[in-house]
Amino acid sequence: ATVSFLIALAHLPIANVSAVLQALPLAVTMGAALFFGEGVGWRRWLAIAVGFAGVLIIVRPGFEGFSAYSLLALASVGCCAVRDLATKRIPQAIPTMLVSTATALAMTILGALLLPPMGGWTPMTAKATALLALAAVLVLIGYQFIIMAMRSGDISFIAPFRYTALLWSIVLGLVIFGDIPDLPMIVGAAIIIASGLYALYRERVVGRRQPAAESAGPDMAPDGI
């Protein structure tokens, strides 16, 4: 998930990649229904279908605005959904820090193995090293905070805040990279978010204590970024 996300991010506007990632709760809900036997009514199935239609609007397969790297962002969603479904099965007795440490260790080993096939080591400037260090610290803080919130807070209240990631991505892309979202991206993102929020609303209506879409993993983003 992390590798596909980073490759997509290097070639696409950050807002586009973030918009595709907003489909993760819908993907987790679908996976929980298919593999864990969790009950999903026709309304939520409809929300899932509409949400993925929004993804297609952003990816635009077969149209002029299509980029093959959009498929990598979609692959990242699929991998994250598998990760989140696996995370849901981890016993609560296992400490959060152990999960985070195992994730960091796995990413370190994978990163070392991928160095040769992805061009080898490139000497980094002081500025690049400082930015990488800052990103690493912020990722650690972000992961710990969201895990703490998901484990101790009201999940149904916390879950919708994940969609603010898209707003941050649009603002950062505009201010830092000068990326202006086009109309299909905005329309597709709006459809995905509306579908996701409706699915979460339906989860609350049916009265399940901790639905899959709300308990999905520690964060929206792939591990290690």
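Bear in mind that the values in this text are calculations on the coordinates, not laboratory data. None of the values given here were measured: they were computed from a predicted structure. Neighbour counts run over all protein chains shown; Cβ positions are idealised from the backbone, glycine included.
Could you go through the range 171-178 in sequence order and give the Karplus-derived ³J(HN,Hα) for each residue, using 6.51 cos²θ - 1.76 cosθ + 1.60 with θ = phi - 60°, rounded to whole Hz, and x for Gly and Pro?
Those phi angles translate into 5, 5, x, 6, 6, 8, 9, x Hz.
If Rh is defined by the Kirkwood formula over all Cα pairs and Rg also comes from Cα, what ratio Rg/Rh do you get for the range 26-136?
On the Cα set of the range 26-136, Rg over Rh gives 1.07.
Using θ = phi - 60° and the Karplus form 6.51 cos²θ - 1.76 cosθ + 1.60, what ³J(HN,Hα) does each residue of the range 77-85 get, whole Hz, x for Gly and Pro?
4, x, 5, 5, 5, 4, 4, 5, 5
Taking the range 1-84 as the region of interest, what is the percent of Cα-Cα pairs per 5 angstrom bin, listed from the shortest bin to the one with the maximum distance?
Going from the shortest bin to the longest, the percentages are 3, 16, 24, 23, 17, 10, 6, 1.
DSSP loop chymotrypsin sites (Phe, Trp or Tyr not before Pro) in the range 30-118 with at most 15 other Cβ atoms within 10 Å of their Cβ, which ones?
Here the sparse-neighbourhood loop sites are Phe36, Phe63, Phe66.
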